[in-house]
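Following: one structure in structure tokens, then a few remarks.
The values are calculated or read from the model by the stated rules, or taken from the named source; none is laboratory data. Worth saying up front: this structure is predicted, and the values here are computed from it rather than measured. All Cβ positions, even for glycine, are placed from backbone atoms using ideal geometry, and neighbour counts span all protein chains on display. Ligands, DNA and RNA are stripped out before the accessible areas are found, and what is left, the full protein with its side chains, is counted by its heavy atoms. Shrake-Rupley method; radii C 1.70, N 1.55, O 1.52, S 1.80 Å.
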Amino acid sequence: MSMFELEFMQRALIAGLLTGLSAPAIGTYLVQRRLSLMGDGIGHIAITGVALGLLTGSAPVLTAIIVAIAGATAIELVRARGKATGDVALALLFYGGIAGGVLLIGLAGQGAATLNTYLFGSLTTVSQSDLYVVVGLAVAVLVVAVGLGPQLFAVCQDEEFARTTGLRVQLLNLVIAVMAAVTVTVAMRTVGLLLVSALMVVPVATAQQVTRSFRSTFITACAIGVAACLAGIITSYNADVAPGATIVVLALAGFVVAAVAGALLRRRTGRARPLADEEPEVGVPAPEPHVVSAGHPHAHNPACGHQKVEHGDHVDYVHDGHLHAAHGDHWDEH
């Protein structure tokens, strides 16, 4: 228990807890929008923000936030206006972000060791001031992700439908992009900029193996993210390895376990409950019962005057609001 008495470990665990909550929270929306790699692109552009802070002597966390938000906004505007597809815009962030970061790091006179603490995370670099910033940003992300959940889900599921209902689609897309940028900077100290996207995507993919609704996926992904972060930080301290890599490896291991368990559960459920016995979905009316009318009082024919419904090899008739189908010696009434 001595590790929990160390102040830097206490700060790292608090930061890891908040990272494990906020990263999957925004990652759920990114996965729903099929923009799983957006976190990678923002992480690369945030490297330029870190280098800018080291060059100017200001707080790297704050400059990373500003640059990451600017980059995320730019990629969303480029994608929305059709100037480039989503993957092209992400590629521009990949290349420009890492190139600008390395260039500015060199101008600032900082070595690779300093950059590695931001790329792969470091437990000892989480200062008290950094922790205050992380707490504030993580709380803001969670409040927005939960408070605007229905609107954000509608936009992620179907933009055209959301637009017809009166939602401001472009503004909500920008909210998602900005939240993703803020989440990247929140996870910068614990997971690292190069691996933060994994914490935004892997817990969500893991939760999807065992859940069937958006809300349950959201909650389960956040729980998996917290477990992976806390376990990874403790393991990295004991094994003296990078916390970011440890967290991601544990998250991937959880995905493998969930994938196997989900496959077995679906197979077992499918065998125990035949398709014909499944209950109708909520909100979907049950089909009307099939009625056989053996003694139909009227003999339908082409000259009877009732509406005909042709089906290629036979003809049905509409009578008194019902569809009558001839089957040899009896009529079926639907």
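Once the 1.4 Å probe is applied to the protein heavy atoms, segment 18-87 comes out at 36 Å² accessible per residue. Dipole of segment 7-196 computed with +1 at Lys/Arg Cβ and -1 at Asp/Glu Cβ about the Cα centre; of Thr117, Ala68, Val186, farthest Cα towards the positive end is Ala68. Ranked by solvent-accessible area (1.4 Å probe, protein heavy atoms only, all chains present), the residues Ile75, Ile219 order from largest to smallest as Ile219, Ile75.
Here each label is just a point 7 Å from Cα along the line to Cβ, and for Ala227 and Asp240 those points are 3.0 nm apart.
When the accessible area of segment 7-196 is split by element with a 1.4 Å probe, what percent falls to carbon and sulfur? Here it works out to 68 percent. For segment 78-177, averaging the sequence separation of C-alpha pairs within contact (under 8 Å, six or more residues apart) and dividing by the residue count gives a relative contact order of 14 percent. Candidates Gly41, Leu152, Leu30 compared by Cα position along the dipole of segment 7-196: farthest toward the positive end lies Leu152, with charges placed on Cβ.
Packing-based ranking of 238-248, 194-204, 174-184 yields 194-204, 174-184, 238-248, ordered from highest to lowest mean Cβ neighbour count within 10 Å. Counting only heavy atoms of the protein chains and using a 1.4 Å probe, Glu5 has close to 140 Å² of accessible surface. Sorted largest first by accessible area at a 1.4 angstrom probe radius, with every protein chain in place, the residues Asp158, Asp130 fall in the order Asp158, Asp130.
In this calculation the C-beta distance from Arg215 to Val88 is compared with R0 = 41 Å, giving a FRET efficiency of 0.80. Between Ser2 and Tyr95, the simple label model (points 7 Å from Cα in the Cβ direction) yields a spacing of 5.2 nm.
Let me cross-check Ser129: its accessible surface, 1.4 Å probe, with only protein heavy atoms counted, in Å² to the nearest 10? Ser129 exposes around 70 Å² with every protein chain in place.
List the relative contact order of segment 7-196 as a percent without decimals, with contacts defined as Cα pairs under 8 Å and 6+ residues apart.
39 percent.
Length gained on full extension, Leu171 to Leu264: 29.3 nm, using 0.36 nm per residue less the C-alpha separation. Pull out a ≥ b ≥ c, the square roots of the eigenvalues of the alpha-carbon gyration tensor of segment 7-196, then state rounded if a/c is under 1.5, prolate if not and a/b is larger than b/c, and oblate in the remaining case. Oblate. Across the protein chains, with a 1.4 Å probe defining accessible surface, the residues Arg11, Arg79 rank Arg79, Arg11 from largest area downward.
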